Structures are given as C-alpha cells and as structure tokens.
Amino acid sequence: QVQLVESGGGLVQPGGSLRLSCAASRFILDDYAIGWFRQAPGKEREGVACLSSSDGSTVYADSVKGRFTISRDSAKTAVYLQMNSLKPEDPAVYYCAADIARRRCTEYSLSYPVDYRYWGQGTQVTVSS
C-alpha cells in the first residue's frame, strides 16, 4: 500500500514556528522527488518546496524562501518541512506528494506539478494572534 501521512500541523501565532512531517515508505522516499504543497480556502493549490531523492537538492517557492526548510531523516522514513517566521498568508492545509517521474526537483516541480502521483491527506496549519 502506497501511503503518505502528514502530521505536525496546528495553531501558531504570527512569527512562530511549526515542523511538519511526511511519513512514507522507504521505496517512495528513495525513488521519487517529494514536494510540499498547500491550499487555503478559496485559493489555488500552491507549491511550497521540493526535495530531490537523487542528490538532496531543493527548490522553494519565492514566498517561503529563507523561512521554510525541507529535509529528510537519515532512515529515509520521513520528509520534514520546518516553517519559521510564519505569516498570516501561510495558513492552509499542507500536503506532501511524490513525483513519480523524477528523482530530482526542477524549476517546474512547484509551478507545474503534473507528475505527482501519490498524495497525503493533509495537515492543517493555522496562524492566529
């Protein structure tokens, strides 16, 4: 069974931090690029970050660059999204997904995510004062 499970969402004040986790099989994390996406009510889905399984290279959306960091653990059982300096624009349901077509993220991994085959159920992030 192919499954990705997000966790770590919750309520945080502006300027605060959260660390999201995406648990998946070693097969998924070894073979595919992993992306984080988010969708707020009434908004289109937005690519946030991508992590390459081939070489560990990353791609970030301009809106989060310098604030968010994507990484994976040594056992290759989870991918994380560290979110710092959270802003009112950041609240959304955050999803992790696996790109079955490639191991390395490209400049289009976030803007044109056409090959993400597997998706998690999402975790809610709320920013409120």
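The values are calculated or read from the model by the stated rules, or taken from the named source; none is laboratory data. If you're wondering where the values come from, they're calculated on a predicted model, not measured in any experiment. So basically every Cβ, Gly included, is an ideal-geometry build from the backbone, and we count neighbours across all protein chains shown. Side chains included, ligands, DNA and RNA excluded: accessible areas come from the protein's heavy atoms. Shrake-Rupley method; radii C 1.70, N 1.55, O 1.52, S 1.80 Å.
Accessible surface ranking for Thr123, Thr77, 1.4 angstrom probe, highest first: Thr77, Thr123.
Here's how it looks for Val48: its modeled amide H is under 5 Å from those of Trp36, Phe37, Arg38, which are all 5 or more places away or on a different chain. Here the Karplus curve 6.51 cos²θ - 1.76 cosθ + 1.60, taken at θ = phi - 60°, turns the phi angles of region 6-13 into couplings of 8, 7, x, x, x, 9, 9, 7 Hz, with x standing for Gly and Pro.
List the equivalent ellipsoid semi-axes of the chain in whole Å, largest first, each obtained as the square root of 5λ for an eigenvalue λ of the Cα gyration tensor.
22, 15, 14
With both residues required to sit in the chain, DSSP beta bridges show an antiparallel share near 90%. Between region 76-114 and region 4-52, the C-alpha centres lie 5 angstrom from each other. Computed over region 62-125, the Cα gyration tensor eigenvalues convert (square root of 5λ each) into semi-axes of 20, 15, 13 Å, ordered from largest to smallest. Take the Cα of Arg19, step 7 Å toward its Cβ, do the same at Ser57, and the gap between the two points is 2.7 nm. Taking every alpha-carbon pair under 8 Å whose residues sit at least 6 apart, the chain reaches a relative contact order of 37 percent.
What does the extension gain come out to for Arg45 and Lys65, with contour length at 0.36 nm per residue minus their alpha carbon separation?
Additional length available on full extension: 5.5 nm.
Accessible area per residue was computed with a 1.4 Å probe on protein heavy atoms; Val12 scores about 20 Å². From helices alone, the chain scores -1000 deg cm²/dmol at 222 nm; the rule is -39500 (n - 2.57) for each run of n ≥ 4 DSSP H residues, then divide by the residue total.
Computed with a 1.4 Å probe on the full set of protein chains, the accessible area for Lys65 sits at about 140 Å². The mean sequence separation of alpha-carbon pairs under 8 Å and at least six residues apart, normalised by the residue count of region 1-43, gives a relative contact order of 36 percent. At a probe radius of 1.4 angstrom, the accessible area of the chain per residue rounds to 52 square angstrom. Take the Cβ atoms of Ala75 and Arg117, set R0 to 25 Å, and the FRET efficiency comes out at 0.65.
Between Pro91, Pro113, Pro41, the Gaussian network model of the chain with springs among Cα atoms under 10 angstrom shows the greatest mean-square fluctuation at Pro41. Across the accessible surface of the chain, with the other protein chains kept in place and a 1.4 Å probe, carbon and sulfur atoms take up 46 percent.
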